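Q: Pasting a structure below so you can have a look.
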Amino acid sequence: MTDAPVVLLTGGTGFIGGRLIPHLRTAGFRVEAPSRAMLDLEDETAVARFVQALQPNIVVNLASPAMAYVRAQTPDAAADAARREINVAASLCAAVRPATRFIQAGSMAEYGYSGRHAETAPCHPVSVYGRAKLAASMAVVKARAARNVDATVLRIFGAYGPGENPKRLFPQILDARHHDRPIALSDGRQLRDFVHVDDVCETIVRLMSLPTPLKPLYNVGTGQAVSVRMAVERIAQEAGIAPARLHFGAMPRSLVDEERLEADVDKLLESLDWSPPQRFLATAPLLPSFGPAASPIFAGASA
């Protein structure tokens with residue numbers, strides 16, 4: 001294992017990072033995922049010192065200070081979120097050796113409007129989070145050109161699966177197996193490119209192992225959006241939740257809830273000859289992909 005490529009992973013305790021670590025180890029990488037106590041990513045000097053000591057072959061930056069501003073709306077919050085995102089990404093890019101492979105987690109929120117988006121589409125983010133992620137993405141693209149870093153930004157679409165925030169939609173649907181209350185939902189007509197977290201991890205591992213230079217930007221999605229209603233009904237049906245409990249239209253949509261968010265994955269296909277599958281359109285059961293906690297053992301009580 002001493003000759004294994006060294007990966008510096010930030011955000012290793014997060015939703016995607018926690019799933020990525022076993023994927024990386026299985027693929028033969030040596031993973032260093034420092035905690036916040038070990039490394040303050042917003043301290044440029046500390047980052048430079050840590051990276052110089054580690055000398056990673058690859059950096060995967062999943063850390064995102066902007067997550068603390070997901071519901072923020074004020075100009076001060078927007079400026080602070082963008083500053084912190086840029087500082088983390090720029091400090092890491094500045095610390096690595098030239099030609100180091102650098103993978104930055106971006107977001108579909110960078111586009112900011114409804115549609116099927118290619119990486120060349122203009123970005124007009126409307127949320128504080130989306131604007132902060134775009135600012136960090138542009139910092140990485142700039143460093144790619146200025147410092148000869150083999151850097152890419154992954155604009156990740158609707159990631160879901162084990163470890164997802166319990167306040168998000170799918171975990172709340174699964175949690176409804178434990179009670180018999182009505183489930184208030186929006187109209188569900190929004191189209192979303194849901195991509196399983198393990199398929200996001202597989203994308204990252206494949207790009208890390210690519211023998212040719214990375215493109216500056218990749219969308220990470222399936223290229224096949226499905227309606228929120230269809231996804232919810234599929235999960236509820238497998239979990240044994242009665243259709244009558246699903247109250248579509250009982251809640252208003254968010255002000256930034258675009259009608260359609262779908263990834264154009266042509267660049268990913270061009271580089272990898274592969275893209276994540278749309279599991280909601282497959283015939284295989286979905287619940288196992290949510291992990292052991294999604295076992296339909298409470299289905300009878302919830303139906």
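Q: Scan segment 173-185 and give yes if some residue there is farther than 21 Å from residue 89 by Cα, surrounded by fewer than 17 Cβ atoms within 10 Å (Cβ to Cβ) and of a type in the set (A, V, I, L, M), otherwise no. Explain how you work it out, then say what you get.
A: Within segment 173-185, the subset farther than 21 Å from residue 89 by Cα is 173-185.
Add one more test, that the residue is surrounded by fewer than 17 Cβ atoms within 10 Å (Cβ to Cβ), and what stays is 175, 178-182, 184.
Still in the running and of a type in the set (A, V, I, L, M): 184.
Yes, the conditions are met somewhere in segment 173-185.
Q: Given the residues 116, 101, 155, which is the only one that is surrounded by 20 or more Cβ atoms within 10 Å (Cβ to Cβ) and closer than 17 Å to residue 220 by Cα? Full working, then the answer.
A: Values: 116 fails: surrounded by 20 or more Cβ atoms within 10 Å (Cβ to Cβ); 101 fails: closer than 17 Å to residue 220 by Cα.
Result: 155 is the single residue among 116, 101, 155 that is surrounded by 20 or more Cβ atoms within 10 Å (Cβ to Cβ) and closer than 17 Å to residue 220 by Cα.
Q: Residues in segment 176-193: is at least one of a type in the set (Val, Ile, Thr), in contact (Cβ under 8 Å) with a residue 24 or more places away in the chain and more than 15 Å from residue 289 (Cα to Cα)?
A: Taking segment 176-193 and keeping what is of a type in the set (Val, Ile, Thr), we get 183.
This time we only want the ones that are in contact (Cβ under 8 Å) with a residue 24 or more places away in the chain, so: 183.
With more than 15 Å from residue 289 (Cα to Cα) added as a condition, the list becomes 183.
Among the residues of segment 176-193, at least one is of a type in the set (Val, Ile, Thr), in contact (Cβ under 8 Å) with a residue 24 or more places away in the chain and more than 15 Å from residue 289 (Cα to Cα), which makes the answer yes.
Q: Return the residues of segment 3-17 that are surrounded by fewer than 17 Cβ atoms within 10 Å (Cβ to Cβ) and either basic (Lys, Arg) or closer than 19 Å to residue 160 by Cα (or both); say none if nothing qualifies.
A: Answer for segment 3-17, where residues must be surrounded by fewer than 17 Cβ atoms within 10 Å (Cβ to Cβ) and either basic (Lys, Arg) or closer than 19 Å to residue 160 by Cα (or both): just 13.
Q: Continuing with the same structure: Here is a list of conditions, (1) under 24 Å from residue 276 (Cα atoms); (2) assigned by TED's automatic domain parsing to the domain that holds residue 107, and residue 173 meets all of them except one; can you say which number that is?
A: The number of the failed condition is (2).
Q: I'd like the full set of residues that are buried (at least 20 other Cβ atoms within 10 Å of the Cβ) and over 19 Å from the mean Cα position of the chain (by Cα), limited to segment 18-30.
A: The answer is 29, and nothing else.
Q: Right, something else. Among the residues that make up segment 126-133, is at least one of them among the hydroxyl-bearing types (Ser, Thr, Tyr), surrounded by fewer than 20 Cβ atoms within 10 Å (Cβ to Cβ) and within 24 Å of residue 268 (Cβ to Cβ)?
A: Initially, segment 126-133 is screened for residues among the hydroxyl-bearing types (Ser, Thr, Tyr), giving 127, 129.
Subsequent filtering for residues that are surrounded by fewer than 20 Cβ atoms within 10 Å (Cβ to Cβ) retains none.
Within segment 126-133 (the criterion being among the hydroxyl-bearing types (Ser, Thr, Tyr), surrounded by fewer than 20 Cβ atoms within 10 Å (Cβ to Cβ) and within 24 Å of residue 268 (Cβ to Cβ)), the answer is no, since none of the residues qualifies.
Q: Quick test for you: out of 18, 11, 28, pick the one residue that is touching a strand residue (DSSP E or B) at 6+ places or on another chain (Cβ under 9 Å) and modelled with pLDDT of 95 or more. Show your work before the answer.
A: Working: 18 fails: touching a strand residue (DSSP E or B) at 6+ places or on another chain (Cβ under 9 Å); 28 fails: touching a strand residue (DSSP E or B) at 6+ places or on another chain (Cβ under 9 Å).
On inspection, the qualifying residue turns out to be 11.
Q: List the residue pairs whose Cβ atoms are under 8 Å apart, where the first residue sits in segment 120-149 and is in contact (Cβ under 8 Å) with a residue 40 or more places away in the chain and closer than 29 Å to residue 254 by Cα, the second is surrounded by fewer than 23 Cβ atoms within 10 Å (Cβ to Cβ) and among the aromatic types (Phe, Trp, Tyr), and the two are 6 or more positions apart or on different chains.
A: From residues that are in contact (Cβ under 8 Å) with a residue 40 or more places away in the chain and closer than 29 Å to residue 254 by Cα, the pairs are 126/113; 128/69; 129/69; 132/69.
Q: Mind counting the residues in segment 102-118 that are assigned to a strand (DSSP E or B) and either free of Cβ contacts under 8 Å to residues at least 12 places away in the same chain or not β-branched (Val, Ile, Thr) (or both)? Give the steps one after another, and end with the answer.
A: Quick first cut of segment 102-118, residues assigned to a strand (DSSP E or B) only: 102-107, 115-117.
With the extra rule that they be either free of Cβ contacts under 8 Å to residues at least 12 places away in the same chain or not β-branched (Val, Ile, Thr) (or both), the set shrinks to 102, 104-107, 115-117.
Number of matching residues: 8.
Q: Here's another thing I want to ask about it. Tell me which residues, restricted to segment 276-291, are in contact (Cβ under 8 Å) with a residue 40 or more places away in the chain and farther than 20 Å from residue 227 by Cα.
A: 291 - this is the single residue of segment 276-291 that is in contact (Cβ under 8 Å) with a residue 40 or more places away in the chain and farther than 20 Å from residue 227 by Cα.
Q: Also, quick follow-up: Kindly establish whether residue 46 is modelled with pLDDT under 95, farther than 18 Å from residue 100 by Cα and small (Gly, Ala, Ser).
A: On the way: modelled with pLDDT under 95: no; farther than 18 Å from residue 100 by Cα: yes; small (Gly, Ala, Ser): yes.
Answer is no for this residue.
Q: Still on this model: Residue 239 passes all but one of (1) crowded, with 17+ Cβ neighbours inside 10 Å; (2) touching a strand residue (DSSP E or B) at 6+ places or on another chain (Cβ under 8 Å); which number fails?
A: The one condition residue 239 does not meet is (2).
The values are calculated or read from the model by the stated rules, or taken from the named source; none is laboratory data. Everything numeric in this text was worked out from a predicted model, so none of it was measured. Note that we place each Cβ from the backbone using ideal geometry, even for glycine, and neighbour counts take in every protein chain shown.
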